[in-house]
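Engineer: Encoded as structure tokens, here's the structure I'll be asking about.
The values are calculated or read from the model by the stated rules, or taken from the named source; none is laboratory data. Please read all numbers here as calculations on a predicted model, not as lab measurements. No Cβ is skipped: glycine too gets one built from the backbone with ideal geometry, and neighbour counts run over all protein chains shown. The accessibility values were calculated without ligands, DNA or RNA, using every heavy atom of the protein model including side chains. Shrake-Rupley method; radii C 1.70, N 1.55, O 1.52, S 1.80 Å.
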Amino acid sequence: MLALSGLIQVALAMLLAPLLLSIIHRTKAVFAGRRGQPWLQPYWELGKLLRKSAVYSHTTTCVFVVGPIATCAAALLALLFLPLAGAPACISFSGDFVLIAYLLGLARFCTVTSALDTGSSFEGMGASREVCFSALAEPALLLALTSLAALTHQLSLTEVMGRLGHGVLLSATAPALLLAAAALMIVFLAENARIPVDDPTTHLELTMIHEVMVLDHSGPDFALIQYGASLKLWILGSLLIGVLTPVRSGHLPTDLAAGLLGLVLLAVLTGCIESGMARLRLLRVPQFLIAASVLATLALVLVVR
């Protein structure tokens, strides 16, 4: 049953992850008074990229070619250890949340090395920004997950998410849970290059972070990067939704439906945030990410005191 639940979750993530981007775009279109793009636009764009051929510079090596493949593969592998709300993951063991953080870091490493392999100082600038901000976001992610593990007295992410629910939200540990959720929300926005940390639609070179690293990728390589980014959105969103979703029925369809509904609401909230606030100055981004670590640390202190 556990394996079946995990395989269903992996299939849903692989199929529906690009749809989260579409929900964000449609929400922003509503705020702007526009009709918005078609719901399946992300899928059409991926299909168009897959039909094209990749173009490689003479200065690049095999690192540039392997980077997008390894990035997408790391995100797919992380899905095997990821529970959705109360539904158990495909593979579960003690300390598996550390492996998920490691796989996300590995995906980032592959993207950064691919950018550096081009020899472009412009992409090197984006890579240095990405590494700097991720070095501040990763401690917040690990501290938040550690506080959840301490709160539930479990080391497996499936068991941690299974213990969180309506009773925990109404108990004395609710403040720690909300602090951890706030830290995960900041990490979610930062790691997925969303406003207020980054703008995925910007074309202003001096403020680009993630998008500047993938400018030289094209065709199927760029499709893998885009698809891997949507999977990362799903992964970090699932961690946040697992904390805030109170449904733990033990019935697989109900738990999956609650998790999917939570992801949809999170995508809508992301679109509202991007429509209602401006992007932070680059000098303010480290302070924003440090705030996430402070919130996660406070959550851990409240749990262990």
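Engineer: Hey, could you check the stretch 284-305 for residues that are surrounded by fewer than 17 Cβ atoms within 10 Å (Cβ to Cβ) and in contact (Cβ under 8 Å) with a residue 12 or more places away in the chain and say which is nearest to Leu179 (Cα to Cα)?
Structural biologist: Ala291
Engineer: Here is a follow-up. Before we move on, is Leu179 touching a helix residue (DSSP H, G or I) at 6+ places or on another chain (Cβ under 6 Å), in a helix (DSSP H, G or I) and at pLDDT 90 or above?
Structural biologist: Against the criterion (touching a helix residue (DSSP H, G or I) at 6+ places or on another chain (Cβ under 6 Å), in a helix (DSSP H, G or I) and at pLDDT 90 or above), Leu179 qualifies.
Engineer: Looking at the stretch 248-265, which of its residues are under 16 Å from His25 (Cα atoms) and either of a type in the set (Phe, Trp, Tyr) or in contact (Cβ under 8 Å) with a residue 60 or more places away in the chain (or both)?
Structural biologist: Step one: list which residues in the stretch 248-265 are under 16 Å from His25 (Cα atoms), which gives 263-265.
The answer is Leu263, Val264.
Engineer: Out of (1) closer than 24 Å to Pro220 by Cβ; (2) loosely packed, with under 15 Cβ neighbours inside 10 Å; (3) touching a Cys at 6+ places or on another chain (Cβ under 7 Å); (4) of a type outside the set (Ser, Thr, Tyr), the odd one out for Leu7 is which?
Structural biologist: (1)
Engineer: Please specify each residue of the stretch 274-283 satisfying the condition of being assigned to a helix (DSSP H, G or I) and either among the charged types (D, E, K, R) or loosely packed, with under 11 Cβ neighbours inside 10 Å (or both).
Structural biologist: Glu274, Gly276
Engineer: Here's another thing I want to ask about it. If you scan the stretch 242-259, which residues turn out to be loosely packed, with under 15 Cβ neighbours inside 10 Å and part of a helix (DSSP H, G or I)?
Structural biologist: Correct list: Pro253 only.
Engineer: Here is a further query. Name the residues in the stretch 136-154 that are at pLDDT 90 or above and open to solvent by 60 Å² or more (accessible area, probe 1.4 Å), would you?
Structural biologist: Answer for the stretch 136-154, where residues must be at pLDDT 90 or above and open to solvent by 60 Å² or more (accessible area, probe 1.4 Å): Glu138, Leu142.
Engineer: Now for a different question. Of all residues in the stretch 52-102, how many are open to solvent by 60 Å² or more (accessible area, probe 1.4 Å) and free of Cβ contacts under 8 Å to residues at least 40 places away in the same chain?
Structural biologist: Number of matching residues: 5.
Engineer: Got at least one residue in the stretch 27-45 being open to solvent by less than 90 Å² (accessible area, probe 1.4 Å), touching a Cys at 6+ places or on another chain (Cβ under 7 Å) and either farther than 20 Å from Ala107 by Cα or without any contact (Cβ under 8 Å) to a residue 40 or more places away in the chain (or both)?
Structural biologist: The answer is yes; a qualifying residue exists.
Engineer: Please work out if Pro220 is part of a loop (DSSP other than H, G, I, E, B), on the phi < 0 side of the Ramachandran plot and touching a Leu at 6+ places or on another chain (Cβ under 6 Å). If you could, list the steps in order and put the result at the bottom.
Structural biologist: Values: part of a loop (DSSP other than H, G, I, E, B): no; on the phi < 0 side of the Ramachandran plot: yes; touching a Leu at 6+ places or on another chain (Cβ under 6 Å): yes.
Spelling it out, it is not the case that Pro220 is part of a loop (DSSP other than H, G, I, E, B), on the phi < 0 side of the Ramachandran plot and touching a Leu at 6+ places or on another chain (Cβ under 6 Å).
Engineer: Mind listing just one residue for me: the one in the stretch 225-241 that is over 15 Å from Ala87 (Cβ atoms) and of a type in the set (Gly, Ala, Ser) and, of those, most open to solvent (accessible area, probe 1.4 Å)?
Structural biologist: Ala229
Engineer: What about Gly242, is it modelled with pLDDT under 95, within 19 Å of the chain's Cα centre (by Cα) and not hydrophobic (A, V, I, L, M, F, W, C)? Walk me through how you get there before you give the answer.
Structural biologist: Details: modelled with pLDDT under 95: yes; within 19 Å of the chain's Cα centre (by Cα): yes; not hydrophobic (A, V, I, L, M, F, W, C): yes.
Against the criterion (modelled with pLDDT under 95, within 19 Å of the chain's Cα centre (by Cα) and not hydrophobic (A, V, I, L, M, F, W, C)), Gly242 qualifies.
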